[in-house]
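Here the structure comes first, spelled out in structure tokens, and everything after it is commentary.
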Amino acid sequence: MALLQLLLNGIIAGSIYALIAASFSLIFNIVKFMDLSPGATFVVAAFSAYSFHILLSIPFILAILLALVVTVITALLINLLVYKPLRKRGADPFTLLLSSFGVFLTVTGIILLIFGAEIHTFGLPIAKGYDLFGAIITPLQVWLVIISVLLFVVLFFFMKTTKLGKAMRAVADEKQVAATLGINVEKTTTKTFVISAILAGIAGILVGLEQNIEHNMGFAVILKGITASVVGGIGNVSAALLGGFLIGIVENVGIWYLPSGYKDGIAFVILILFLLLRPQGILGTRTREETSG
Amino acid sequence: MLHIKNLNKHFGGIKAVKDCSFEVKENEIVALIGPNGAGKTTVFNLLTGFIKPDKGHVHYKGTPLLGVKPYKISNLGITRTFQLIKLLPKLTLVENLLIAKQQSGEHLLNIMFKPKYIKHEEKENRNHCVELLDLVGLKDKRNHYAKNLSYGQQKLVEIARILATDADLLLLDEPVAGVNPVMRAKIKNILKKLKEQGKTILFIEHDMKFVMDIADRVVVLDYGTEIATGTPKQIQKNPRVLQAYLGKKVKL
Amino acid sequence: MDKSAKWVLSIVVLLLIVVGLFVAFSPSPEGKETRPIKLGAIMPLSGDAAAYGIPIQQATDLAIKEINAAGGVDGRMIKVVYENGACAGKEATSAAQKLINVDKIKVILGGLCSGETLGAAPVAEENKVILFSPGSGSPDITKSGDYIFRNFPSDATSGGKVAQAAIDNGHKKVAIIAEQTEYAQAVKEVFKTTFEAAGGEILTDESYASDSSDFRTQLTKMKATNPDGLYVLSQTPAKYGLVLKQISELGMNQQIYSNEFSAAEDILKDYKEEIEGAIYAEPSFDDKAPKAKELLDKILAEHGELSGALPPVYFATAYDAVYLLKDALVECGEDTDCIKKFLYGVTDRAGTAGMLTIDENGDASFSYVLRTIKDGKAMDV
Amino acid sequence: MALEAYIIHILIIIGIYVILALSLDLAIGYTGLLNIGHVAFYAVGAYTSALLALNFGTPFLISFLAGGIIAGIFSLVVAIPALKLRGDYLAVATLGLAIIVENILKNWTSLTRGPLGLPGIPKPTIFGITLTGITYLALVIVVGVVTYYLLRYLIKTPFGRILQAIREDELVAKSLGKNVTKYKTQALLISAFFAGLAGSLYAHYITFIDPTSFSILESVLIISMIVVGGIATLKGAIIGAIILILLPEALRFLPLPSSMIGALRQIIYAVLLVVLLIKRPQGLLGKKTEGVVTT
């Protein structure tokens, strides 16, 4: 049984889910609502990288950086134009979730308008995979996993050591307390959106390179990202890595036994099971009080 | 009427309620006092089934309350108010009270087969609720949303709501906290009238003057356990109570 | 009624006015004879399948330009009204409703996706309007109505032909991977029945959702059954290319069996090694034949490049369909019953896509030919 | 005659979406059950009715009601998370459930023919008349009116009031002796029943259904209708449905290059949703809760 190949497939898919889950968790931590916009920034990054590198034939590294700049600007605009007014009005999490649906559809709609519905590719040369004891993984996929894990290591230390990292964690735990300690909550929130957009952006570019680019590739990815984040432990960024890999592996091993059409179904069955039985996820602590008073 | 025998509840390491036992007799007004963090509200939550006790029994008119769902406990005739007022903001005052009523119109089958009876019952209940609002002097605001009332007015509505449930045992969580003297006197009279109507009241309160005025008996809690019970006068002189309070620098 | 309600009603009224005005002023054809004849067209102009609405539109516009230049239909110019079917039944129904009831159109070219044709068919049938599809392959369309025609062969033939080819090559054990769409599943079912009837064994039947682009585990499953051949069916050439890429990445070198997408420009360009030796069935369309070459050169001249989204046969079927409908209009004007008889009478009509005969179900009896890819070029087997 | 047929077609689609918006408003607007998976009930209703009609040739009225009942029974599955979770957790759980339903529709090919969909669903015949065009519109209007008045009546009963109490504060409802679990399940059941009826109406009108017509975007569209029209006002749901169906249709008449229409349609109603969430959270017709009760 090609277990090793399945695990490999799971880890490759998992590293993308993990990045999106981290991007989602960062935002959830700070503004306490489930935001679908990382799915949109994911697509923006892929299309920007494609247009800079392929259409305008800008050298690869520069194209990637420019794409991330465009992605971050998009995320900042979303936060400024939609989420900030809603937060100021004290909108409840459901309204914010709904607005993030609206944002997602608007952004991907604009991309559809500009780029049309064709499926684009970077057209990279197709490399034969390395053979690891019978399981095969291409060089690009190896890079994909390495970059994802590296980003998590960087993120982990960033949150632990840097000033901004500590501020983000403080705002996440107790917004009022953080404010009294002189942390500018609004600025920290904006910076969080920047980091979150970079993570989602990198994931978008990696998928763009590895597979292809289409306007509707963001929706399935953000939903899997939310699942990974809930399973790992919502709001806990390093748990997103665990959640991402878990979903990736279970999905791929799952369809070894079930008909492969049920791939998406498996991920969401896991999501619901966790929401019901262990909403705080594997690593999470009970954050939401069930009964008050 | 209400017998509590060595009730225990801990949150993580902290023993919120430890071997707490006391009882409340029929048609009595009992005050539950004690320094902050003595576990008073936790006892209320245990009585109303919002949280499950670790050990101990509670009997109400002989029936055990352990493990009974909150809405069933309420249907047995026990109802409560909350420390932080919990009215329904987007509903009118009358609607807030009507919720407290047990009505046949709440069940889909009745709606299908007994529409006329439901209309009649609704009118009756609505009149009763308006009377209650009149009792607390808020009749003119009956169609206003609960959201637009002042703090004192909301306290009154909460008490009116209690009455609407026709419950026998009323658990009031700090009924006069933060209320101006005029309103406080009004609440005191209402509680007296309730006692005359045969209701039994157990209330948490920090305002000692109010407690001394109205309570038939006082139960003092400290560190989650009952340290003294008696008439207001006996409690005032009880050294353990003074020590418990003074030890905690609370004005007696 | 507070301020907001008035605001709402004004929006609704405004919308009705816009709709009413526009419709009132759109010219109705009943009037004078010289008014242009309107030809409806339903094809995917948005959503995933919009990519291959383009070749159909280019070929149709070219044909219309030529017809109108040569005097149109007895002096009346043809005007095409495009509506978006978005490759979905629901959209196509609305599009057909609009074309038939607002533009009062009697002849519609389309849908392209089988879902579109199935969505529009009941509306056309009910209003006795001709629906002529230049590209829907689903077997369900055969029985979808008397006024429903197509000059594109039913997928049944393609699936069956390829299955027989696999058996003839001695590949008795095949693994299948097919996209979860109307077209791909329909053709796969026919492949399966023919292949099993001919003694072949389907080792595994994998599928993937249209919006997913990671098929590695499905392919791993197929690889584990070590089949003699792989039957690969996608809804779009781009997805087909991605499947081929992941097949070669996983070092699977079994014989590939597929459909006419194997000859699509994009595949031959980007997936040259992967597609090498693939065997597929394609409507017998020889893009070297004089008429076909002439058409493709004209499109190349006008648009600078042949859209690689679809194999060239779709240009030909769209182009031929417009000319066929024109001849029907010349013969019968807009009397759809007369057009219906005319279309049923079409036998061995020469066109850029080859000889066309329409059978009693309105289907095109079109021979499929087996082809393979040898160093980047499509050749007959 | 032609113009009316097109308007009838649009009115039928509006009617179906009005029923969906009304039924969803009962769950989201009145009971505070944030259900993003409403499309699942719509799909279950449509498929049940279509399969019964296709495989067993059941008369329309039976397959129509069966569509609603089976959707209602299915709502008991959705009720499990609905009882335990709240707020955006519940929203994401119902979103997951709707995707699972779509996944099952696509893969359970032996029952639903998967992506091949169900063509040739018979038009309804009631008392011998086969309903098409104007007569079909009459059927949709009748069902729509019944739905509206039934829900309006329900909301005015004590049952309706308790749903609103649950929306405002579950704890208070519990402390006043209300079995919140039972009421939530009943509210979801009713909401699913009507959505199932709408599904059946859709299936017998379009006569061809496939999984793509029941994607998550349908749920977002229905939610946008009650947000645009006004949360917790039944008239709002109707207005919302009319606007969000007419707006994209009007696009069809503007001289735009046809390839842009699909994208523009998606952008327009998404932007409308976001703007309204910011500017008028209670929607166009929603009653401002500050003042005294106007109705």
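The values are calculated or read from the model by the stated rules, or taken from the named source; none is laboratory data. Every value quoted in this text rests on a predicted model; they were computed, and no experiment measured them. Note that each Cβ is placed from the backbone with ideal geometry, even for glycine, and that neighbours are counted across all protein chains shown. Only protein heavy atoms, including side chains, enter the accessible area calculation; ligands, DNA and RNA are left aside. Shrake-Rupley method; radii C 1.70, N 1.55, O 1.52, S 1.80 Å.
Out of everything in the range D:213-223 that is in contact with an Asp or Glu (Cβ under 9 Å, 6 or more places away or on another chain) and in a helix (DSSP H, G or I), what residue ends up being nearest to residue C:180 (Cα to Cα)? Walk me through how you get there before you give the answer.
Applying the first criterion (in contact with an Asp or Glu (Cβ under 9 Å, 6 or more places away or on another chain)) to the range D:213-223 yields D:214-216.
Narrowing the set further to residues that are in a helix (DSSP H, G or I) leaves D:214, D:216.
Working: D:214: 15, D:216: 17 Å.
Filtering first and then ranking leaves D:214.
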Any idea which residue in the range C:195-222 is nearest to residue D:211 (Cα to Cα), counting only those that are more than 7 Å from chain A (Cβ to nearest Cβ) and charged (D, E, K, R)?
C:205
When the range D:173-212 is examined, which residues are found to be within 7 Å of chain B (Cβ to nearest Cβ), surrounded by 22 or more Cβ atoms within 10 Å (Cβ to Cβ) and outside any helix (DSSP H, G or I)?
D:176, D:177, D:178
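Taking the conditions exactly as written (assigned by TED's automatic domain parsing to the domain that holds residue B:197 and either in contact with a helix residue (DSSP H, G or I) (Cβ under 8 Å, 6 or more places away or on another chain) or open to solvent by less than 40 Å² (accessible area, probe 1.4 Å) (or both)), does residue B:30 satisfy them or not?
On the way: assigned by TED's automatic domain parsing to the domain that holds residue B:197: yes; either in contact with a helix residue (DSSP H, G or I) (Cβ under 8 Å, 6 or more places away or on another chain) or open to solvent by less than 40 Å² (accessible area, probe 1.4 Å) (or both): yes.
Against the criterion (assigned by TED's automatic domain parsing to the domain that holds residue B:197 and either in contact with a helix residue (DSSP H, G or I) (Cβ under 8 Å, 6 or more places away or on another chain) or open to solvent by less than 40 Å² (accessible area, probe 1.4 Å) (or both)), residue B:30 qualifies.
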Check whether at least one residue in the range D:275-294 is touching a His at 6+ places or on another chain (Cβ under 9 Å), away from chain C (no Cβ under 11 Å) and modelled with pLDDT under 85, and report yes or no.
yes
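Which residues, taken from the range D:236-273, are under 15 Å from the mean Cα position of the chain (by Cα) and either open to solvent by 40 Å² or more (accessible area, probe 1.4 Å) or more than 8 Å from every other protein chain (Cβ to nearest Cβ) (or both)?
D:236, D:237, D:238, D:240, D:241, D:242, D:244, D:245
Per-residue answers, yes or no, for (1) at pLDDT below 85; (2) not assigned by TED's automatic domain parsing to the domain that holds residue B:28:
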{"position": "B:117", "(1), (2)": "no, yes"}
{"position": "B:122", "(1), (2)": "no, yes"}
{"position": "B:126", "(1), (2)": "no, yes"}
{"position": "B:130", "(1), (2)": "no, yes"}
{"position": "B:134", "(1), (2)": "no, yes"}
{"position": "B:151", "(1), (2)": "yes, yes"}
{"position": "B:192", "(1), (2)": "no, no"}
Under 6 Å between Cβ atoms, which residue pairs at least 6 apart in sequence (or on different chains) link something in the range C:131-149 that is more than 20 Å from residue C:345 (Cβ to Cβ) with a partner that is open to solvent by 30 Å² or more (accessible area, probe 1.4 Å)?
C:139/C:156; C:140/D:119
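Which of the strands (runs of 3 or more DSSP E) found entirely inside the range B:1-112 contain at least 3 residues meeting this: of a type in the set (A, V, I, L, M) and on the phi < 0 side of the Ramachandran plot? Working first, answer last.
Numbers: elements: B:2-11, B:14-24, B:29-33, B:55-60, B:78-80.
Correct list: B:2-11, B:14-24, B:29-33.
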When the residues of the range A:182-216 are filtered to those that are assigned to a loop (DSSP other than H, G, I, E, B) and within 14 Å of another protein chain (Cβ to nearest Cβ), which remaining residue is surrounded by the fewest Cβ atoms within 10 Å (Cβ to Cβ)?
A:216
Looking for something within 21 Å of residue A:10 (Cβ to Cβ), open to solvent by 50 Å² or more (accessible area, probe 1.4 Å) and more than 14 Å from chain C (Cβ to nearest Cβ) - is there at least one such residue anywhere in the range A:169-179?
no
Any residue at all in the range B:40-49 that's more than 27 Å from residue D:178 (Cβ to Cβ) and either under 13 Å from the mean Cα position of the chain (by Cα) or not assigned by TED's automatic domain parsing to the domain that holds residue B:232 (or both)?
no
Going through the range C:265-293 in order, the residues found to be within 21 Å of the chain's Cα centre (by Cα) and within 12 Å of chain A (Cβ to nearest Cβ) are C:266, C:267
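One residue is enough: does the range D:78-86 have a residue meeting the conditions part of a helix (DSSP H, G or I) and open to solvent by 70 Å² or more (accessible area, probe 1.4 Å)?
The first filter runs over the range D:78-86 and keeps only residues part of a helix (DSSP H, G or I), leaving D:78-84.
Remaining after also requiring open to solvent by 70 Å² or more (accessible area, probe 1.4 Å): D:80, D:84.
Checked the range D:78-86: at least one residue is part of a helix (DSSP H, G or I) and open to solvent by 70 Å² or more (accessible area, probe 1.4 Å).
Quick check, is residue A:19 open to solvent by less than 10 Å² (accessible area, probe 1.4 Å) and in contact with a Phe, Trp or Tyr (Cβ under 9 Å, 6 or more places away or on another chain)? Show your work before the answer.
Working: open to solvent by less than 10 Å² (accessible area, probe 1.4 Å): yes; in contact with a Phe, Trp or Tyr (Cβ under 9 Å, 6 or more places away or on another chain): yes.
Criteria met by residue A:19.
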Pairs, first closer than 15 Å to residue D:155 by Cα and at the interface with chain D (Cβ under 8 Å from one of its Cβ atoms) in the range B:83-103, second outside any strand (DSSP E or B) and among the hydroxyl-bearing types (Ser, Thr, Tyr), C-beta under 8 Å, six or more apart
B:90/D:289
Does the range D:138-172 hold any residues that are open to solvent by less than 10 Å² (accessible area, probe 1.4 Å) and more than 7 Å from every other protein chain (Cβ to nearest Cβ), and which are they?
D:140, D:147, D:151, D:160, D:163, D:166
When the range D:18-41 is checked residue by residue, the ones that are open to solvent by 10 Å² or more (accessible area, probe 1.4 Å) and within 14 Å of chain C (Cβ to nearest Cβ) are D:18
Filter the range A:83-112 down to the residues that are under 19 Å from the mean Cα position of the chain (by Cα), more than 7 Å from every other protein chain (Cβ to nearest Cβ) and under 14 Å from residue A:33 (Cβ atoms) and list them by number.
A:83, A:96, A:100, A:104
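Condition check ((1) of a type in the set (Lys, Arg); (2) more than 19 Å from residue C:62 (Cβ to Cβ); (3) buried (at least 23 other Cβ atoms within 10 Å of the Cβ)) across all residues:
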position	(1), (2), (3)
C:320	no, no, yes
C:323	no, no, no
C:327	no, no, no
C:331	no, yes, no
C:340	yes, yes, no
C:352	no, no, yes
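In the list C:148, C:130, C:176, which residue meets the criterion of being within 14 Å of chain A (Cβ to nearest Cβ) and aliphatic (A, V, I, L, M)?
On the way: C:148 fails: within 14 Å of chain A (Cβ to nearest Cβ); C:130 fails: within 14 Å of chain A (Cβ to nearest Cβ).
Only one candidate passes the filter, namely C:176.
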Which one is surrounded by the most Cβ atoms within 10 Å (Cβ to Cβ) among residues in the range B:40-71 that are within 14 Å of another protein chain (Cβ to nearest Cβ) and of a type in the set (Val, Ile, Thr)?
B:43
How do the pairs read when you match residues in the range D:80-100 that are more than 7 Å from every other protein chain (Cβ to nearest Cβ) and of a type in the set (A, V, I, L, M, F, W, C) with residues anywhere that are open to solvent by 10 Å² or more (accessible area, probe 1.4 Å) and not in a helix (DSSP H, G or I), using Cβ under 8 Å and keeping only pairs 6 or more apart or on different chains?
D:90/D:34
Every residue from the range C:86-113 that is touching a residue at least 60 places away in the same chain (Cβ under 8 Å) and at the interface with chain D (Cβ under 8 Å from one of its Cβ atoms):
C:100, C:102, C:104
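Quick check on my filter: what residues within the range D:109-137 are among the aromatic types (Phe, Trp, Tyr), open to solvent by 70 Å² or more (accessible area, probe 1.4 Å) and within 24 Å of residue C:143 (Cβ to Cβ)?
Once the filter is applied, which keeps residues that are among the aromatic types (Phe, Trp, Tyr), open to solvent by 70 Å² or more (accessible area, probe 1.4 Å) and within 24 Å of residue C:143 (Cβ to Cβ), the range D:109-137 yields nothing.
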